[in-house]
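S.K.: Okay, handing you the structure first.
The values are calculated or read from the model by the stated rules, or taken from the named source; none is laboratory data. These numbers come from a predicted model, not from an experiment. Heads up, the Cβs are rebuilt from the backbone with ideal geometry, glycines too, and the neighbour counts pull from every protein chain shown.
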Amino acid sequence: MSIVIIRQDDKIESWKKAIQSYDATLEVYSYLEPHDKEKVEVALVWKHPRGSLKEYPNLAYLASMGAGVDFIFEDNTAPLAIPITRVVDRQLAIDMSEHVLALILNYLKGLDTYKVNQTKKIWKPTPYKRIADVRVGILGLGVLGTQVAQDLAKVGFTVQGWANTHKELQNIKSYAGKNELNPFLNKSDILVCLLPLTEATTGILNKQLFSQLPKNAYLINVARGGHLVDQDLRDFINNQHISGASLDVYHEEPLPKDHFFWNFDEILMTPHHASVSDTNSVVPQIVENYQRMQAGLPLLNLVSKNKGY
Ligand code: GLV
């Protein structure tokens, strides 16, 4: 009985080491090393190569190594009938919250512009905004969205959130469903996208949505590139309805060198690094789920196949 890790970056060995130092009895393999595929019961995956899961006929469940599972549903050769779990981790949520706070303060105080001015030796004070001047809208009130909303409210922002269903969160006005999307957008000077990527949310950051935002709104997308219609963002920045955007995620990653985002002064890009699963923080829940599976207990952090997250 064993576990396989399938991901295409250079992190397999550190995950393997972290799992084995947490529980030395576990047999864990990289998908790249020799191992008996019939004996593998659990695949830990992060953007696995499409088709790679077909080689494991006896999987009991699939575990995403991040909060998102969209990449699993995008692989039509993945065994979608077995249970799928995802990471729900306090550290991951805190990291996201710190990243969003940093982006918002950077925007309010115009720090990016000063860095550009510095490279040109331009001394040019520009008006800044205050926390009290802006209303922040969080699109998606899952684990990450809720943490971000609550932390921003604590710092003094006026915060509202939108989700499929109403949420009872202290100091956060809750909007829900299609009918309440526009009223929510109308009051979001800064819009933060933290939705899961599903059929229903693909392309949601488009011109119809942007036209509902107040003039000079600012967009932060830290969810998935698939939420955004890139051309619509370009048009709305060019027509000055949107003042700028911070993007951490893209349709294709790394972003191709010829993409227009690279040269857009109003767009601050980060390389899908807002919040990254920390092995020390996440390994205990991975091991616990493996033990639960062996003991026939319900798994933690199960994904709903209907909802797609
Ligand atoms: C990061 O994008 C994650 O889904 O954890």
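S.K.: Does LEU101 meet the test of being in contact (Cβ under 8 Å) with a residue 40 or more places away in the chain and either within 30 Å of ILE6 (Cβ to Cβ) or within 16 Å of the ligand (Cβ to nearest atom) (or both)?
M.R.: On the way: in contact (Cβ under 8 Å) with a residue 40 or more places away in the chain: yes; either within 30 Å of ILE6 (Cβ to Cβ) or within 16 Å of the ligand (Cβ to nearest atom) (or both): no.
It is false that LEU101 is in contact (Cβ under 8 Å) with a residue 40 or more places away in the chain and either within 30 Å of ILE6 (Cβ to Cβ) or within 16 Å of the ligand (Cβ to nearest atom) (or both).
S.K.: Do any residues in the range 42-68 that are more than 14 Å from ASN301 (Cβ to Cβ) have Cβ atoms under 9 Å from those of residues that are among the basic types (Lys, Arg) and assigned to a loop (DSSP other than H, G, I, E, B), where the two are at least six apart or on different chains, and which pairs are they?
M.R.: Qualifying pairs under 9 Å: TRP46/LYS11.
S.K.: Moving to a separate point now. Would you point out which residue out of ASP95, ASP133 is under 12 Å from the mean Cα position of the chain (by Cα) and either farther than 18 Å from LEU191 by Cα or surrounded by fewer than 20 Cβ atoms within 10 Å (Cβ to Cβ) (or both)?
M.R.: It is ASP95.
S.K.: Given the options VAL276, VAL192, name the one that is crowded, with 20+ Cβ neighbours inside 10 Å and either within 16 Å of the ligand (Cβ to nearest atom) or in the same structural domain as ASP95 (by TED's automatic domain parsing) (or both).
M.R.: Criteria check complete, one pass: VAL192.
S.K.: Filter the strands (runs of 3 or more DSSP E) completely within the range 1-86 down to those with at least 1 residues that are within 30 Å of THR146 (Cβ to Cβ) and not β-branched (Val, Ile, Thr).
M.R.: Working: elements: 2-7, 28-30, 40-46, 61-64.
Result: 2-7, 40-46, 61-64.
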